[in-house]
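The next block holds one structure in the form of structure tokens; read it before the comments.
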Amino acid sequence: MTKTVITIIVLLCGGLGGLLFRQLKGPSKTASVQPSTPQSIDELAASYSKKVDQLIVQEVKKTGNQFVSGIFTIKNDSAEKMEIVADLYYQDQSENWLHQKNQDFLPMSMLDEAGRSELQTHGELQFDVEMPEQLTSLSETEKEATS
């Protein structure tokens, strides 16, 4: 029986993960600068979907680890801010599990009224993170090459 070693790579907001999230969001903005139109929960999740895909692709290319799955969570932190978290799970070549956590905080005013209400009612909303298309097409190309 093989023992799976669980390695946890926790990259918090003040660390590399938060830095990556902030870099992928674009130019730094102060909390007082808000988008001209507040977004729905789905719009916010869709905008971060592309950023999370970039994080996954960067990690896979850098380490060679295989992306397995992930969860993107939007949490109600307070009346003024929300927390966004991407928990991403990989396996290395020895089949050890790796966990990468990326976290950031955003002003609640980025959400439209319906989004704020939904988040306050549920406390948190979770979305499955799927394999990025860039990695899916690479995997299919590798399979064809070995056939």
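The values are calculated or read from the model by the stated rules, or taken from the named source; none is laboratory data. Computed from a prediction, not measured in an experiment: that's the story for all the values here. A quick note on method: Cβ atoms are made from the backbone with ideal geometry, for glycine too, and the neighbour counts reach across all protein chains shown. Ligands, DNA and RNA are stripped out before the accessible areas are found, and what is left, the full protein with its side chains, is counted by its heavy atoms. Shrake-Rupley method; radii C 1.70, N 1.55, O 1.52, S 1.80 Å.
How about the stretch 50-79: which of its residues are in contact with a strand residue (DSSP E or B) (Cβ under 8 Å, 6 or more places away or on another chain) and part of a helix (DSSP H, G or I)?
Scanning the stretch 50-79 gives Val52, Leu55, Ile56, Glu59, Val60, Thr63.
Suppose we filter the stretch 91-116 for residues that are touching a Gly at 6+ places or on another chain (Cβ under 9 Å) and either within 17 Å of Thr63 (Cβ to Cβ) or among the charged types (D, E, K, R) (or both); how many remain?
6
Starting from residues that are surrounded by 13 or more Cβ atoms within 10 Å (Cβ to Cβ) and charged (D, E, K, R), keep the ones in the stretch 33-76 and report whichever is modelled with the lowest pLDDT.
Lys51
Please list, ordered by first then second residue, the pairs with beta carbon atoms under 7 Å, 6 or more apart or interchain, first in the stretch 121-134 and charged (D, E, K, R), second open to solvent by less than 80 Å² (accessible area, probe 1.4 Å) and assigned to a strand (DSSP E or B).
The qualifying pairs are Glu124/Thr73; Glu124/Ile74; Glu124/Lys75; Glu124/Asn76; Asp128/Ile71.
Which pairs do you get when a residue that is of a type in the set (A, V, I, L, M, F, W, C), found in the stretch 47-61, comes within reach of a residue that is part of a helix (DSSP H, G or I) and open to solvent by 20 Å² or more (accessible area, probe 1.4 Å), reach meaning Cβ atoms under 8 angstrom, with the pair 6+ apart or on two chains?
Every condition considered, the pairs that remain are Leu55/Leu20; Leu55/Leu24; Val57/Gln134.
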